[in-house]
Every structure is written in C-alpha cells, then in structure tokens.
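Trainee: I am attaching a structure below and will ask some questions about it afterwards.
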Amino acid sequence: MFEQVSDKILSSLKKLKGHNKISESNIEDALKEIRLSLLEADVHFKVTKNFIERVKQNAVGQKVIAGVDPGQQFVQIVFEELKNTLGGETVPFQFKEKPAKLFLVGLQGVGKTTTAAKLALWVRKNLKLEPGLVSVDVYRPAAREQLAILAKQNQIPIFEDAATDNPEKLLQRAENWIKEQKLDLLIVDTAGRLQIDEQLMTELATLKSLAKPSEILLVADSMLGQQAVPVAQGFHEKLNLTGLILTKADGDARGGAALSLREMTGVPIRFLGMGEKVSQLEVFHPDRLAQRILDMGDVLSLVEKAQDLISEKDAAAQAKKMLKNEFSLEDFLAQIQQLKKMGGLESILKFLPGMKQISEQLKKMTPPDNEIKKMESIIRSMTLKERRSHKILNGSRRLRIAKGSGTQVQDVNRLIK
C-alpha cells in the first residue's frame, strides 16, 4: 500500500549524503519531493503541510552526530514524524465489563461483515476471549445470512432471529443470549448506507445508547484515500469512535487514508485488513509501518508471522538435524512449505532492513519464488528414499527426476550441489 510513498521518500533522502550538516538549503529539495510523494499518495493537504513543517523544524540546524551520515540522521527525524502522524503507539482494546460489546460501523461495501468474522477470530486467538456475533443490518439483502455463513465456517457462535426485522429488538435479544451463553464479547455488525445520512446516524445513536459498547470501530476502505477523512469525521462526530479498521490494505491503495485519518480525526487506526481470508487481519503498529516505509525493516512483524505459522518444536528439530549433518531434501521440502505459508521469499524480503533495493533488482531477474517452485517440483519427483539420501542419485535417477519435474538435468545437479 505504501510502495509509491516509500520509493519517492527514499530517493529524496539519498540527496543528503555527504553533507556535514543538515541545513535549510540542503534539505529543501528532499522536502519538496517528500511533499509531492505524499500528495500523490492522496494524503490530505493539511496533513502533508503539517508533516513537512514539523520535519523542517526538527531538522534544520541539527549538527550531524559524529560517525552518523546526515542522510541517516534525517531519516530518523522523518521516521519519528511518520510514526507520530500514523498514531505513535498501538492502542489496545479497553473492554470495561464482561460481557463487553463492540460495534462495527461504516458505509456499505467496505467489508464490515467479513471484518466482523475476522475480528472475532483475532479476539479468540490473541485475547483468549470467547466472542459472539450478531448482525443488526436488516436492510441489505442477505447481510445476516452472509455473517451466519462466515460464523459457521469458523465455529464462531452467532445469534440469529428471523422473527424480527427491528434492529433494537435484535440487539436486546442478542445481549440476553450472550449472557446465557457465557460469552465474553458481542461483536455487532451494524447497517451501512451508500453515504452518511440522518436516518443511519439516528439508528446507530439509538443502538449505542441501548448497548453502551466499550468500543465503536469504523470500518473504512483504504482505496478511498483522503475521501475516507470526511466519512470518519462524520461518524466520529455522532458516535465518538474509539478506533478505525482499514480494509483492502493489500491492494494498490496509495496509503493516503492511513496517513490522513489519524491526524485529521484523532481516532487511532487499530487494524488493517490484508485480504479476503478471515485470518488476514493485522494489528496496526504505527512504528513498524513507518519503518517499512523508510526501508528500515520490520523484523518484529516477521517474527510474529513466523511464530504463527511455524511451531517452535519443528524449528528446534530442524536445527538439531542441521547440527548433526542429517538435514535431508525432505526437510528442505518442509522448509519450502513453511516459506510459502509466510507469503514466499519476496514477501519476507520486504520485512528486512535495506532490502528494498535488492527487491527492485530481483524484479529484473527470474523471480526467486519461481526458482523455489522449481526446486519443490524436483524434490517431489524423487522417491522417499532419494529425498532422505541424496547420495544415491546417480545419472539415470537424475534424468528420471528431471523428466518427471519438467526441468533439466542441470537444474537437478544445481539443487543437489
């Protein structure tokens, strides 16, 4: 989502290399390019103006620390301001009571219903709370059915009541149900409209006064850019939002929404929706995102991703085999599967410091993930005995494996070597 902003900011920062002091004259060009890159990324003009002024104020006249490149020092100043613009710190949930209530609000078509299921799974896994779902969207055709299907697919308790089309009655009955079921949290998927109107806001305000939710999260489409700002301001004015969830953050959105919303509304971004699958919901960490934009890496997120997908027991067993020189092609195949689960090599590179330039160079070559697919195909064309002991692979076996995997004998030889 932030690739365009990242590329332009990084190219502008290169111009500061070699200076012994950060001055107004030598940062002017860099700031012009950063300003342009933010506006092109659809960041609100007021946010862009304030950001540039704060960077300039903090940077001008700063003496370069001994042994530190002025460019690197300027990067640190830009990083701090980016982090603050994005919200500064990660904001945890504040559930005042149990069972707690959480409202998801927003316009139609932003992915509220899918986000409700995603959030329920996240709460169960990360907060160790048992959530329940209810849809009070009685207007959109099949809205309640859609949530019921997602809930059943993921074993999430859901309150269904076909006997009423009244949102207030639905909510009151769902509150009684959640107490009977001894669940910890009720996630309420509310109705949306194509635009903010008085009828929608009156209904949401009534539901809020009935349920007194601990959290009210606005689900917004990151593809809207700065157009998401007036929407968020409208909902916040009427409902006093506690957080934002940006959907479609895995698409080609230019990052304007994330960089504009926090500063313009004062409401923290809590999550990013990174795809259609119910598991694809990421906690929004302002510092980590600022690091990624400036190619400083995000090793913490990479570690968390690995911990989710790779068991500590398996990792320890593989390390032990390597130390004993017993690591086989079968073990290597298992590692390839783990790599694929994490999004592939190119995805992992994005989390590592200084890898942006290498990633750009890789685009001009055969994609590394294609090479890994070729290796996987070769290993899968081997017998179990061959995978466990590559030393038995003579010329005729290698020819058979090459034919079976649709590769050349040279490819097989390269992998074995």
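Trainee: Let me check I have the definition right: for region 64-198, take the eigenvalues of the Cα gyration tensor, multiply each by 5, take square roots. What are those semi-axes in whole Å, largest first?
Mentor: On the way: eigenvalues 319, 69, 33 Å².
With the √(5λ) rule applied to region 64-198, the semi-axes are 40, 19, 13 Å.
Trainee: While we're here: Send over the per residue convex hull volume for region 169-220, Cα only, as a whole number of Å³.
Mentor: Each residue corresponds to 86 Å³ of Cα convex hull volume.
Trainee: Sticking with this structure for a sec: Going by Cα centres, region 133-176 and region 380-417 are how many Å apart?
Mentor: A separation of 55 Å, based on Cα centres.
Trainee: Given a 1.4 Å probe, how much area per residue of region 168-227 is accessible, in Å²? Provide the component values of the computation, followed by the final result.
Mentor: Details: 2730 Å² over 60 residues.
With all protein chains present, region 168-227 gives 46 Å² per residue.
Trainee: Need one value: the accessible area of H285 in square angstrom, 1.4 angstrom probe, rounded to the nearest 10.
Mentor: Probe radius 1.4 Å; accessible area of H285 about 40 Å².
Trainee: When the distances between all Cα atoms of region 120-263 are binned every 5 Å from zero, what whole-number percent does each bin get?
Mentor: Per 5 Å bin, starting at zero, the Cα-Cα P(r) for region 120-263 comes out as 2, 8, 17, 20, 21, 17, 11, 4, 1, 0 percent.
Trainee: So, with a 1.4 angstrom probe, what is the percent of accessible area on region 228-277 that is carbon and sulfur?
Mentor: Ligands and nucleic acids excluded, carbon and sulfur reach 45 percent.
Trainee: Going Cα to Cα from K182, which aspartates and glutamates come in below 17 Å? Please leave out same-chain ones fewer than 8 positions away.
Mentor: E97, E130, E160
Trainee: Filter K125/K321; K373/K417; K152/K179; K46/K101; K208/K277 down to the pairs with a C-alpha to C-alpha distance above 25 Å, please.
Mentor: From the list (K125/K321; K373/K417; K152/K179; K46/K101; K208/K277), the Cα-Cα distance tops 25 Å for K125/K321; K46/K101; K208/K277.
Trainee: Same structure, new question: Can you list the aspartates and glutamates whose alpha carbon is less than 12 Å from that of K238, not counting same-chain residues fewer than 8 positions off?
Mentor: Correct list for K238: D197, E198, E203.
The values are calculated or read from the model by the stated rules, or taken from the named source; none is laboratory data. Values in this document were obtained by computation on a predicted structure and should not be read as measured data. Keep in mind that these areas ignore ligands, DNA and RNA; they rest on the heavy atoms of the full protein, side chains included. Shrake-Rupley method; radii C 1.70, N 1.55, O 1.52, S 1.80 Å.
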